[in-house]
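**Q** Dumping the structure here so I can ask a few things about it.
The values are calculated or read from the model by the stated rules, or taken from the named source; none is laboratory data. Because the structure is a prediction, the values reported are computed rather than measured. Cβ atoms come from the backbone with ideal geometry, glycine included; neighbour counts cover every protein chain shown. These accessible areas exclude ligands, DNA and RNA; they are computed on the full protein's heavy atoms, side chains included. Shrake-Rupley method; radii C 1.70, N 1.55, O 1.52, S 1.80 Å.
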Amino acid sequence: MIFVAGDYQNSGTAITWQHLRSGDSALAAMEQGIRAVEANEADWSVGKGGYPNALGEVELDAGVMDGRTRTSGAVGGLRGFLHPVSVAYAVMERLPHVLLVGDGAARFADDIGAERADLLTEVMRKNFAQWQQDFGRSNGSVALIEAVSRSADPQRKDETTVYLVQDGKGDIAVATSTSGWAWKYPGRLGDTPVAGAGFYADNRYGAAACTGKGELAIRTGLARFTVTLMQMGRSVQEATQEALQDLLRLPDIGTAELQLHAIDAHGGHDVAFIGAAQGSDWHFYYMAKDQDETPIRCPARRVTA
Ligand code: ASP
């Protein structure tokens, strides 16, 4: 049994671990832990309390994948519902589809009786007002496209929730949830709801999931690529190394940040990253067989060109 989680999602890790220890499946256990993160207003990059888009609306993305069958479910740009991870799970379980977005995702959430919530907190209302002022949006002097492309993403370090699990039966699964980039252009999807980009799981080889600049993971099919490398015989460390080095060859990579989490089918794991400034390295949470409920926070491995 093994559980790897991205940094800053500690509010859900003990819950997921408890469920795993009591014999729940990987997906059921991850759903319970991620729901706690989504409901935690203090987490500014996931669920309620997440950063809004450039119009001040909180749009949530989430995805799940079952490594036994490689079935997947995801939602993108979901507004007004508290638990996108559960809606994504229900897409997988109840529809012949993989990804629902926007109004259709909200309609489906309503159909299944998902919990509604006002996702924009007072803190974020204030942050949004400040952003509008800083980027010339309060008086409309700067066009939306212009303001979005000028503003940096302040939340990358807060990260998407990514959970990767191999449960007591040896089954592998992955789940993700995020509010995406702060001040993103409305309708922007990152990698988090895109199977193969932000997440991928295959019982035979392992799983991978990304946080950071999602556009890069979409362009390179990063999670799938990482698992494919394991399929081709690389160790989990070789796979993350090679996948990130490939990313570093993108001509516009600049100082972009991305963290790649992976587990293999034999209890191995590796978390590696590119781009964070020296001295501000990234971490992740790790739990394995027989461990009590205290997650261990470990430093991730830096990859350079
Ligand atoms: N990967 C997420 C996205 O691009 C953001 C993050 O992990 O911070 O939406």
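**Q** Counting only C-alpha contacts under 8 Å and six or more residues apart, can you give the relative contact order of the chain as a whole percent?
**A** Relative contact order comes out at 21 percent.
**Q** To the nearest 500 deg cm²/dmol, what mean residue ellipticity at 222 nm is calculated for the chain from DSSP H runs of n ≥ 4 alone, each contributing -39,500 (n - 2.57), summed and divided by the residues?
**A** Using -39500 (n - 2.57) per qualifying helix, the result is -9500 deg cm²/dmol.
**Q** Per residue and in Å³, how big is the convex hull formed by the alpha-carbon atoms of the chain?
**A** 120 Å³
**Q** How many percent of Cα pairs in the range 113-224 exceed 16 Å?
**A** 67 percent
**Q** How much net charge surrounds Ala272 when only other residues with a Cβ under 10 Å from its Cβ are counted (Lys, Arg +1; Asp, Glu -1)?
**A** My count for the surroundings of Ala272 gives +1.
**Q** Once the other residues with Cβ under 11 Å from the Cβ of Ser86 are scored (Lys, Arg +1; Asp, Glu -1), what is the net sum?
**A** Cβ neighbours under 11 Å give a net charge of -3.
**Q** Here is a follow-up. Leaving ligands and nucleic acids out of the surface, order Ser235, Ser179, Ser86, Ser149 by accessible area at 1.4 Å, largest first.
**A** In descending accessible area the options line up as Ser149, Ser235, Ser86, Ser179.
**Q** How many lysine pairs are close in the chain, with Cα atoms under 28 Å apart and the two 8 or more places apart or on different chains?
**A** Value for the chain: 11.
**Q** Rg(Cα) of the range 17-60 divided by 2.2 N^0.38 Å?
**A** Output field value: 1.45.
**Q** Within the range 1-101, what percent of beta bridges assigned by DSSP are antiparallel, to the nearest 5?
**A** 65 percent
**Q** Further question on the same structure: Going by alpha carbons, how many degrees (0 to 90, nearest 10) lie between the helix axis of 84-94 and the longest principal axis of the chain?
**A** That helix lies at roughly 60 degrees to the long axis.
**Q** Another question about this same structure. Under 5 Å between amide hydrogens, which residues at least 5 positions from Ala182 or on another chain qualify, with H placed 1.01 Å from N in the peptide plane?
**A** So Ala182 has HN proximity to Gln155.
**Q** Something else about it: Nearest 10 degrees, 0 to 90: what angle lies between the long axis of helix 102-111 and the longest principal axis of the chain (Cα atoms)?
**A** Value to nearest ten degrees: 60.
**Q** What is the pair-distance distribution P(r) of the range 101-167, computed from all Cα-Cα distances in 10 Å bins starting at 0, with each bin given as a whole percent?
**A** 15, 27, 36, 19, 3, 0
**Q** To continue, here is another question. For the chain, with every protein chain kept in place, what is the accessible area per residue (1.4 Å probe, Å²)?
**A** On a per-residue basis, the chain sits at 40 Å².
**Q** Rg to Rh for the range 1-138: what is it, with Cα atoms only and Rh by Kirkwood?
**A** We get a ratio of 1.01 for the range 1-138.
**Q** Let me ask something else. Could you check how many percent of all C-alpha pairs in the range 152-305 are farther apart than 28 Å?
**A** Taking all Cα-Cα pairs of the range 152-305, the fraction more than 28 Å apart is 14 percent.
**Q** Only bridges with both residues in the range 148-267 count here: give the DSSP antiparallel percent, nearest 5.
**A** Rounded to the nearest five, the antiparallel share is 95 percent.
**Q** Given 37 °C and 0.692 mPa s, compute D for the range 192-277 with the Stokes-Einstein relation, Rh being the Kirkwood radius over Cα pairs; round to the nearest whole µm²/s.
**A** 266 µm²/s
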